[in-house]
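As structure tokens, the structure follows; a few thoughts come after it.
We did not get these values from a lab; they are worked out from the coordinates using the rules stated. From a predicted model like this one, the values you see are computed outputs, not experimental measurements. Positions of Cβ are backbone-derived with ideal geometry, glycine not excepted, and every protein chain shown enters the neighbour counts.
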Amino acid sequence: MENLANEALRNINHYENLVNIEKEEELKEFEEFVKKYTPQEREKLFRAITNLKAKKYPKKYEYHIVKFEKRKKDENIKNIFSPGDVVVVSSGNPLSKEVQKGTIYKVGKNYILVLFEEEPKPWIFSKKNLTLDLYPDDVTFKRWLEALEDVKNRTDLYFLFLDKKIKKEDKDEKLLKLELINKNLNIYQQKAVKKALLSKDFFLIHGPPGTGKTTTLVEIILQLFKLGKKILVTADSNTAVDNLLERVSKYLKNNLVRVGHLSKVSQKLEKFFIFHLLEKDEEYRKIRSIDEKIEKLKKQQEKYLKPLNKWRRGLSNEEIKKYAREGKKVRGISLKKLQKMAKWISIQEEISKLFEEKKKLEDKIITKILKNNKIIFATNSMVYSDLLKNIDFDVAVIDEGSQATLPSTLMPILKSKKFIIAGDHKQLPPTVKSLLAKDLEKTLFEKLISLYPEKSQILKIQYRMNEKIMEFPNKTFYNGELIADKKVRFITLKDIIDLKKFEDLPSKYKEILSYKLEDSVTFIDIRGKEKQEKLSKSYYNKKEVNKIVDLTTKLIDLKVNPQDIGIITPYLAQVKQIKKAFEKNKIFVEVNTVDGFQGKEKEVILISFVRSNSKGELGFLEDLRRLNVAITRPKRKLIMVGNKETLSTNLIYKNLIKESKLIKMK
């Protein structure tokens, strides 16, 4: 046992080293990026917004809000940031001392709202030309390291860091008589629920695309609630957390609390937000009373002199008060100034005491809310925030287990007696930037499902793709275990297009957009020319852009709802090119990278592979998990555009093209 403990500790130390390497890489990358490019160039690369002015916006809960607008009235803000992004405000140089970090709250057509947890610095409102730069979220790394330090004292969790199997199999699910809340669960979902409930320590749910992983997790959460358990529900992303909360709230109206940053919580779920519940608490009126006293004191304080360095001349607060009391002028400061500064300091001391009183009362109410409610929803990282520091749970239900690093998944596990993880290790792993920290890509979910397959359940019935679209990913990534549900097995474009208009199409479009089941997967062989952006070095392919625009236009002409069409491409430069072309043609269809489409689905998906070269270089297209994500997003039709010759240098792509309807274009 001692040898196993030493091995676990060595591996924990290894992970600490990996986290520090990745943290340094992100900060180094940010610094080099800022030094290399001007603010205007950073804006072109979708990493900054320049030429901004700022003004105060009404406060919400405990957050200060600042509204940033372009200085030129007719200039719109490009929608390049998303709510929850961490940004740094500066006057053009985010590496200078005069900066402040905030979080994007809302992005409008010509404004952007940023949340600050501390009072915004006065220079933000006086500077005329501000820049917002995307900033690495270093708080997450800090929390990962805290979790790795904490796990050293938890010998019961050392098995998570071993490559040996030491946990026993759980009881047979037949022993559990289960009364389902959702009567529509299929046999595999029911098995997953039963096994998860019977598990003593941990359980894994393997949910391939469209198999109802979220539906299964919701049932597990509701069953645990019926058993009176205190439940922590987490995921690496706020979107997944909110999705689970929304689904659970259809069954439960109370006992649900969402913990997180205001910018990252869906506005329609704000009634469950911790600070919303705080304001609704009957004791909150005491906090309002303290706020009123603070505001009165602040107004009173404005009449006196703030003891800035230029006025105080090296005197401490106590010295200023002492000389004011004694009626002495000192160091060339007049008695009148000393008395005004002393009064300002005394009022500030009263304000500080009130803030302390307010904080204690807030903490008391928040703790009461968290202890009295049974189900808490938060991201993995937020579990290690001050809010949840003293709250423990019976069970942690963790979604997106195959997208979160081991240190990230560790945080909810450390707060609970038992954990259930859901994910799909055949899809995208966590994003790791440093080559030296690549071990972080191997998730705890992937490791445990390999060591303990008997403590897992795969969900086999999928409710998204027709059987033709499902066929290739099923055979290639899921050992042929997936089954298309009868409701989706034969669905095609036929049900969502105008058939009269289809008959009027030229024959080449009829061939590409065929609604026959056997034609659901189409590959268009285009010999375009790949190019690289000068600044980003990301790839784009104009010929493929034109074909994507052409086919999207035709689909919309056939009365396919633009919201039901999705465009996926692996390269950000190609995303930009397609979006630009769509804007020009007034096409409103979602375009994103593979990573941006994980977890989403559309009736029709068009993929532009971009790479086209005689060397057969595929770059990160070689990551086949990316391919799996892309080709499992559509329900009725998958159209792929690419260079057959280049892609076929990889056997998997070669087989995919071979099994698709192939159409050659000049």
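Once backbone amide H atoms are built at 1.01 Å from N, residue 530 has 612 as its partners under 5 Å, excluding neighbours fewer than 5 places away on the same chain.
Listed here are the pairs 152/194; 600/637; 442/576; which of them are more than 21 Å apart at the Cα?
On the way: 152/194 32 Å; 600/637 15 Å; 442/576 31 Å.
In this structure, 152/194; 442/576 lie more than 21 Å apart at Cα.
Cβ neighbours within 10 Å, averaged per peptide: list 515-521, 175-181 in order, most packed at the top.
Values: 515-521: 17.6, 175-181: 11.0.
Ranking the peptides 515-521, 175-181 by packing returns 515-521, 175-181.
The convex hull built on the alpha-carbon positions of the range 486-635 has an orientation-averaged projected area of 9.6 nm². Relative to the longest principal axis of the Cα atoms of the chain, the long axis of helix 2-36 makes an angle of roughly 80 degrees. Of all aspartates and glutamates in the structure, the ones whose alpha carbon falls short of 14 Å from that of residue 142, not counting any fewer than 8 places away in one chain, are 16, 22, 24, 26, 150, 386.
Using only the alpha-carbon atoms of the range 51-91 as identical scatterers, what base-10 log of I(q)/I(0) does the Debye formula give at q = 0.22, 0.23, 0.32 Å⁻¹? Here log10 of I(q) over I(0) equals -0.95, -1.02, -1.24.
So what is the relative contact order for the chain, in percent, with contacts set as C-alpha pairs under 8 Å and at least six apart? Please list the in-between numbers first.
Details: 1155 pairs, mean separation 84.0, N = 666.
Over the chain, the number comes to 13 percent.
What's the magnitude of the charge dipole for the range 1-130 around its Cα centre, counting Lys and Arg as +1 and Asp and Glu as -1 at the beta-carbon? Answer in Debye, nearest 20. Don't skip to the end; give the middle numbers.
Values: 26 positive and 21 negative charges, 286 e Å.
Magnitude of the dipole: close to 1380 debye.
Within the straight-line cut-off of under 13 Å between alpha carbons, the aspartates and glutamates reachable from residue 494 are 503, 518, 519, 603, sequence neighbours fewer than 8 places apart in one chain being disregarded. Expressed as a whole number of Å, what is the distance separating the alpha-carbon centroids of the range 608-637 and the range 132-182? Spelled out, the Cα-based centre of one part sits 32 Å from the other. Sorting 339-347, 490-498, 614-622, 204-212 by their mean Cβ neighbour count within 10 Å, with the most densely packed peptide first, gives 204-212, 339-347, 490-498, 614-622.
Of the cross-linked pairs 213/415; 128/336; 67/364; 72/299; 167/433, which ones have a Cα-Cα span greater than 28 Å in the structure shown?
Details: 213/415 23 Å; 128/336 35 Å; 67/364 32 Å; 72/299 34 Å; 167/433 33 Å.
Those over the limit are 128/336; 67/364; 72/299; 167/433.
Please give the Cα centre distance for the range 348-398 versus the range 89-127, rounded to the nearest Å. What the calculation gives is 26 Å, centre to centre.
Overall dimensions of the range 238-317, expressed as equivalent-ellipsoid semi-axes from the Cα gyration tensor (√(5λ), whole Å, largest first), are 43, 17, 9.
For the cross-link pairs 191/455; 303/359; 73/537, which exceed 23 Å when the distance is taken from alpha carbon to alpha carbon?
On the way: 191/455 11 Å; 303/359 27 Å; 73/537 33 Å.
Flagged as over cut-off: 303/359; 73/537.
Taking packing as the residue-averaged number of other Cβ atoms within 10 angstrom, the listed peptides 232-240, 126-134 run from highest to lowest as 232-240, 126-134.
Take the Cα atoms of the range 89-228, build their convex hull, and give its volume per residue in Å³. Don't skip to the end; give the middle numbers.
Details: hull volume 34.1 nm³, N = 140.
Enclosed volume per residue, from the Cα hull, is 243 Å³.
Taking a straight Cα-Cα cut-off under 15 Å and skipping sequence neighbours fewer than 8 places away in the same chain, the aspartates and glutamates within cross-link reach of residue 531 are 544, 617.
I'd like the GluC sites (Glu not before Pro) in the range 97-167 restricted to DSSP loop residues with at most 15 other Cβ atoms within 10 Å, sorted by number. Intermediate results must be reported in sequence, preceding the final value.
Values: sites: 98, 117, 118, 146, 149; in loops: 98, 117, 118.
Those satisfying the criteria are 98, 117, 118.
Share of Cα-Cα pairs in the range 269-374 beyond 23 Å, in percent?
Details: 2612 of 5565 pairs.
Value for the range 269-374 (Cα pairs over 23 Å): 47 percent.
Other residues with beta-carbon under 11 Å from the beta-carbon of residue 591 carry, at +1 per Lys or Arg and -1 per Asp or Glu, a net charge of +1.
Kirkwood hydrodynamic radius (Cα pairs, Å) of the chain? Intermediate values should be presented prior to the final figure.
Values: mean 1/r = 0.0355 Å⁻¹.
It is 28.2 Å.
Three principal axis extents of the range 1-127 based on alpha-carbon atoms, in descending order, are 68, 38, 27 Å. Could you tell me how many degrees, from 0 to 90 and to the nearest 10, lie between the Cα long axis of helix 335-372 and the main elongation axis, the longest principal axis, of the Cα atoms of the chain? So the helix axis and the longest Cα principal axis differ by about 40 degrees.
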